[in-house]
Amino acid sequence: MSRWVDDFNNSTYSQNWLNLQEILKDDNLIDPENDLAVQELARLRKLCAYLSELKSSIDPELFPLSPMNMLAQHTGNTINEINSFQANKNHGHLQNAGNHLEQVLLLLGQCMPQAGGGSRAAEKSAKTMLVHMELTRQKSTQTLDTLKTESAELAESITGTERTVEALNQKLEQLDSVAQGQLAEFTTQFKNEEFQRKSEFDKETEDLETRSSELMNQLKTDVKDTLNKISDDTDEEFKRLGIKSGKVIEVLAKFQDDAGKVYDVTINTLHGGAYSSYANDERKTANLLRMLASFLMLAGVAVLIIPEAALLMSEALYVFDWKKMVGRVPLSLVVFVPAFYFARESGKHRTNEVANRRRQHILTTLDPYIELMDKEKGQELKVHVGQAVFSEAVTDDGSASDTGNLIAQLTNLTKQLKP
């Protein structure tokens, strides 16, 4: 055999065509319930038979090799579409397979004359339709047999049902006669029982009315006695409560006086503690400013003295130069000015500390001192002391020789208040 024949027979197109023929021979592809799929499958078989006759008439040595790849591709796509139809039974895949076979037909028609093959293609199409008709006939025969069997069974069931209905009618007639007799008997018994229950109910009602009247009378008597007893007990309890309330009011009045005294002492003590805190802050500030002033004064003196002391301690002959001394005076004044300012501010804070200490002593010793005086004069003394202590303008002229003597100051203030 020549190489052209070998290449044609061993090509992918030839192998795919053999596989396609084997797949289309399978009668399981036919779905009797899907007419469109049957028509598409019949046309596919017809195309395949026609193309097979056309392929068998090809002379491999005269057939060009250039369209072989396209033929192999379309036959492969046809096989894939038929496999997809087998998977989901969608006749659209058979339509796509027919389109691919049409492309194979066009390619072969371009390469060689399209003659012959019609009878075999028609035979394949007819065979497909015969198979479809046979399957349809078998399915119809099976359906008819099934309907006959079910009809016979249904007839037997209807006959049995009619017999059952007739038996039920007989039983219903028997039950109706029995029910009529029982209903008459029940009506008679019900009337007798109703008359008896009505008599018993009337008797029970009369007894209950009699007992209710007796209980109401007894209840009224008991309630009246209870109310009288409660009234007497309430009067006695009010008397006892009145006595106890008077005693409680006396004790509360005493507690009120004691609480007022304690409150005054507490308020004065709190104010005294506040002034003590203010005095402590002023003392800290005064001490800090005094230390700064002292340091600056020492620094100013050091500016004047240290250079001269250094000359005295040197081995050279000491000669006092008043010009250098005068030249260092401005430097010393630069240090002395803030020193004097800090010293003055320290004195102000020290004065504020003394004033706050004085207010603290007055507030903490005022209450014991007032307890020894008359009540009205004690209140007047509190007013004057409050005006003196809480006045915004606090001056200290230093004229009193006994400033530190708190008792003497309070004594003088009391003498001034006497008429």
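Coordinate-derived values only; no laboratory data. All figures in this text were calculated on a predicted structure; none of them were measured in a lab. FYI the Cβ positions are ideal-geometry reconstructions off the backbone, even for glycines, and counts take in every protein chain you see.
Report the paramagnetic label zone for Ile230: residues of the range 190-223 whose backbone N is under 19 Å from a point 7 Å from Cα along the Cα-to-Cβ axis. Residues 216-223 fall inside that zone. What's the FRET efficiency of Thr149 with Phe195 using the Cβ-Cβ distance as r and R₀ = 56 Å, to the nearest 0.05? After rounding, the FRET efficiency stands at 0.25. The slack in the chain from Asp27 to Ala302, taken as 0.36 nm per residue of separation less the alpha-carbon distance, amounts to 86.0 nm.
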